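Before any comments, here is the structure.
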Amino acid sequence: MTTTTQFVSITPLAAEEVKKLVAAEEKPGIGLRLGVKGGGCSGLSYDLDFTPQEKGDTVVDSDGFQIFMDAKSLIYLKGMQLDYQAGLQGKGFVFVNPNAKSTCGCGESFSLT
């Protein structure tokens, strides 16, 4: 089952990995920050971090942790799915973004045109 919100969806594998990583940080009040920043080979790149909530964040409760997104990133992330691929050939966190018109080979950057 995928945890779904009106903004992003998180697959069960990704949710389990996020919970492990948040617990390993051992910092109360932190959550997963999903963001977008300029850069990468396609123009925009995804930014993942574990931070406390900041003023103006959209906060989504997701399966035992919180997701924080700033208003500028939310425009690019709406409808995105965060997955996790483990194993020998696994890539780690994988972004499936219906807003992206093109992505680079590594899947960590995208463009809207």
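Annotations for the structure displayed:
- Reachable lysines, given that their alpha-carbon falls under 28 Å from the alpha-carbon of LYS20 and they are not under 8 places away in the same chain: LYS37, LYS55, LYS72, LYS78, LYS91
- Using the average count of surrounding beta-carbon atoms within 10 Å as a protection proxy, the listed peptides 72-81, 46-55, 22-31, 9-18 rank, highest first, as 9-18, 72-81, 46-55, 22-31.
- Annotation: amide H-H contacts under 5 Å for SER9 (H modelled 1.01 Å from N, sequence separation of 5 or more, or interchain): MET80, GLN81, LEU82.
Laboratory data are not the source of any read-out in this text; all were calculated from the coordinates shown. All of these numbers come straight from a predicted model, not from anything done at the bench. Note: ideal-geometry Cβ built from the backbone for every residue, glycine included; neighbour counts use all protein chains shown.
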